[in-house]
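Only the coordinates and a few stated rules stand behind these numbers; no lab work does. Remember, it's a predicted structure, so these values are computed and weren't measured experimentally. Backbone-built Cβ (ideal geometry, glycine too); neighbour counts: all protein chains shown.
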Amino acid sequence: MSSSSAQIIENIVLIKVKDGTDPSRVKAMIDGLNALVSLDTVLHTATGPVLRTPRSSSSPLTFTVMFHGRYRTKDDFAAYSRHPDHMRVVEELGAPIREDIMSAHWVTDRVPEGAVVLPPGSAVRVSLLKLKEGSGDEAKGEVLSAVAEGIRDGLGRVEQATWGDNFSAFSKGFSIASLTVFKNMEEMEAATAAAAPLQEKVGKHVDGVISVDYVVPHPQPASLSL
């Protein structure tokens with residue numbers, strides 16, 4: 001690992017809110033999740049609405065809210081997960097309005113020191129890939145290489161990118177995850193137009209793709225009191 005990079009744990013949670021939910025309840029959940037940035041083991045958190053699901057997605061799963069968290073170690077991530085404030089937000093604000101949920105966690109050393117916290121207004125794309133049944137380590141290696149190659153195609157517009165093996169117990173079988181950060185949506189759209197679709201490169205190994213785009217929200221005053 002380069003001395004100029006930080007090893008972190010990426011945590012992505014995708015939530016589908018029940019149809020017809022009062023927007024004030026969705027906002028309360030998002031505000032509660034964003035307020036968890038105050039916890040000692042948290043390096044970064046940002047939660048906001050999913051703006052779109054790119055056409056490259058081939059999974060029937062759809063989500064409406066994305067949470068992104070970063071932690072220094074797996075122990076820090078575990079401490080965050082079981083913290084009473086986190087549990088209250090999940091159980092009291094999230095669970096009653098949630099129709100579906102999945103997550104992705106991976107270890108990376110590709111985040112530059114000083115850039116762990118993403119600037120508000122940054123555009124983020126998260127992609128999750130499910131390998132075909134029976135795929136081995138060689139196939140996974142090919143897919144991870146293709147993910148890295150696709151990200152390199154966008155260099156010059158990409159602010160930062162990470163990818164790796166998804167170790168979440170709630171992955172729904174999507175074992176490879178990546179996160180790409182752009183300065184804004186315009187930069188994301190330009191990079192996407194220039195890059196070859198990932199599925200053309202790895203289609204023989206992949207049984208499903210979920211991609212979601214969102215913009216890092218500007219901080220809002222929020223309280224953890226419920």
Checklist outcome for this item: From fewest to most C-beta neighbours within 10 Å, the residues VAL117, VAL17 line up as VAL117, VAL17
Checklist outcome for this item: Sorted by chain and then number, the residues having a modelled amide H within less than 5 Å of the amide H of VAL17, at least 5 places away or on another chain, are THR64, VAL65, GLU99
Item to check | Estimated Rh, the chain: Kirkwood, alpha-carbon pairs, angstrom | outcome: 17.9
Checklist entry - If you plug each phi of the range 30-41 into the Karplus form 6.51 cos²θ - 1.76 cosθ + 1.60 with θ = phi - 60°, what whole-Hz ³J(HN,Hα) values come out, in order, with x for Gly and Pro? => result 4, 4, x, 5, 5, 5, 5, 4, 6, 5, 4, 8
Next on the checklist: Show me the GluC sites (Glu not before Pro) within the range 76-142 that DSSP assigns to loop and that have at most 11 other Cβ atoms within 10 Å of their Cβ.
Outcome noted: GLU113, GLU133
Checklist entry - Given GLY156, PHE174, THR45, which one lies farthest toward the positive end of the charge dipole of the chain, if we put +1 on the Cβ of every Lys and Arg and -1 on the Cβ of every Asp and Glu? => result PHE174
Checklist outcome for this item: So, relative contact order of the chain in percent, Cα under 8 Å, 6 or more apart, is 30
Checklist outcome for this item: Filtered pair list for the chain (Lys only, Cα < 23 Å, 8 or more apart or interchain) has a length of 20
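Taking R0 as 30 Å, what's the FRET efficiency between HIS218 and ALA78 from their Cβ-Cβ distance, rounded to 0.05? Could the numbers behind the result be given before it?
Values: r = 29 Å, r/R0 = 0.98.
The formula returns an efficiency of 0.55 here.
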Checklist entry - To the nearest 20 debye, what charge dipole does the range 5-215 have about its Cα centre, counting +1 at the Cβ of each Lys and Arg and -1 at the Cβ of each Asp and Glu? => result 260
Item to check | ALA190 paired with SER38, simple spin-label distance in nm, labels 7 Å along Cα-to-beta-carbon | outcome: 3.9
Item to check | Loop-located trypsin sites (Lys or Arg not before Pro) in the range 16-110 whose Cβ has at most 16 other Cβ within 10 Å (DSSP) | outcome: LYS18, ARG55, ARG72, ARG82
